[in-house]
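Please read the structure below before turning to the comments.
The values are calculated or read from the model by the stated rules, or taken from the named source; none is laboratory data. Everything quoted here is computed from the prediction, not taken from an experiment. Positions of Cβ are generated from backbone atoms using ideal geometry, with glycine treated the same way; all protein chains shown enter the neighbour counts. Surface accessibility is based on the protein's heavy atoms, side chains included, excluding ligands, DNA and RNA. Shrake-Rupley method; radii C 1.70, N 1.55, O 1.52, S 1.80 Å.
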Amino acid sequence: MTGRNMSHVIRSPEEIVIYFSLPIMFVLVFGYVFGSGMAVPGSGYREYLLPGVFVMTMLYGLGATASGIAMDVSRGVVDRFRSMPMARSALVVGRTGADLLRALLEMATLVVCGLLVGWQWRNGLASALAAVGLILLLRIALTWVGIFLGLVVPNPDTVGVIVFPLAFPLTALSNVFVSPDLMPQWLGTIAAWNPLSATVAVARELFGNPGTGGDSWPAQHPLVLAIGWPVILIAVFAPLAVRRYQRLSR
């Protein structure tokens, strides 16, 4: 099932263009537009921003996941798979594997683009790989959210409309662009506990890029949340997605 999903990408050149142009656009637009107008003490804004862009790209990737699953459901592909002698979880687990491979390609593209605009990791290769691993862990968790969404709303067009209004506030209310300490207190509290903020904070620390700091519990223990949030999301949405898949034809 993983190979099936990847073959669809390879056979659709327009999807390849979209997959790789989106992260490149994120890096260039946010790096230069925001980077030209904001400053971070002790370092450039691009080094502060790029780890957030990495995580933001992983978040928006759930749109492709949800749309792909919804398309399979609407075309009756899922019903055909259910009639075959295969594990009930094969479709959703295979989709997760394909999205992880795609995320690896996206991360490679993002890192290259980041290096071209002046970003760099400063704590060695091992720490950089650990940061990438945590970012991909969040992507896996978000993939399960996308799978569940695609099964609940089996209409590709509707899913595409739903994802952006959900993803944009989640990105804005985080530490991707600015420190939560610069927000009103109630917004800053929401941003500090945002699952994206934890992964971004740890990624900045591991990459050796400037961070936001702060005295709140989330700011002092970002690694706990960077691991805990994805585990919680997977524990909740993976069983829901598999159960929803099993009940589609009932």
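Residue pairs, Cβ under 8 Å, 6 or more apart or interchain, first in the range 220-248 and closer than 16 Å to I69 by Cα, second of a type in the set (D, E, K, R) and surrounded by fewer than 17 Cβ atoms within 10 Å (Cβ to Cβ). List them.
Going by the 8 Å Cβ cut-off, the qualifying pairs are V242/R88; Y245/R88; Q246/R88; L248/D79; L248/R82.
Within the range 204-250, work out how many residues are aromatic (F, W, Y), modelled with pLDDT under 90 and open to solvent by less than 50 Å² (accessible area, probe 1.4 Å).
As a first pass, look at the range 204-250 and keep what is aromatic (F, W, Y): 207, 217, 229, 237, 245.
Next, from what is left, pick out any that are modelled with pLDDT under 90: 217, 245.
Restricting the remaining residues to those that are open to solvent by less than 50 Å² (accessible area, probe 1.4 Å) gives 245.
Total satisfying the criteria: 1.
Say we look at the range 82-107 and pick out the residues that are open to solvent by 30 Å² or more (accessible area, probe 1.4 Å) and among the small types (G, A, S); which of these is farthest from Y32 (Cα to Cα)?
Among them, the one singled out is S83.
Go through the range 108-127 and report how many residues are in a helix (DSSP H, G or I), surrounded by fewer than 20 Cβ atoms within 10 Å (Cβ to Cβ) and in contact with a helix residue (DSSP H, G or I) (Cβ under 6 Å, 6 or more places away or on another chain).
Counting residues in the range 108-127 that are in a helix (DSSP H, G or I), surrounded by fewer than 20 Cβ atoms within 10 Å (Cβ to Cβ) and in contact with a helix residue (DSSP H, G or I) (Cβ under 6 Å, 6 or more places away or on another chain) gives 2.
Of these, L170, L206, which one is in contact (Cβ under 8 Å) with a residue 60 or more places away in the chain, assigned to a helix (DSSP H, G or I) and under 30 Å from S74 (Cβ atoms)?
Only one candidate passes the filter, namely L170.
If the Cβ limit is 6 Å and pairs must be 6+ apart or interchain, which residue in the range 142-162 that is without any contact (Cβ under 8 Å) to a residue 60 or more places away in the chain pairs with which residue that is surrounded by fewer than 24 Cβ atoms within 10 Å (Cβ to Cβ)?
none
Starting from the range 100-119, keep only residues that are under 14 Å from V132 (Cβ atoms), then list their pairs with residues that are part of a helix (DSSP H, G or I) and open to solvent by 50 Å² or more (accessible area, probe 1.4 Å) whose Cβ atoms are within a distance under 7 Å, requiring at least 6 positions of separation or different chains.
T109/F20; T109/I24; W119/R46
Listed here are the residues, each with its yes/no results for (1) in a loop (DSSP other than H, G, I, E, B); (2) modelled with pLDDT under 80; (3) in contact with a Ser or Thr (Cβ under 7 Å, 6 or more places away or on another chain).
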{"site": "I18", "(1), (2), (3)": "no, yes, no"}
{"site": "S21", "(1), (2), (3)": "no, yes, no"}
{"site": "F26", "(1), (2), (3)": "no, yes, yes"}
{"site": "T57", "(1), (2), (3)": "no, no, no"}
{"site": "S67", "(1), (2), (3)": "no, no, no"}
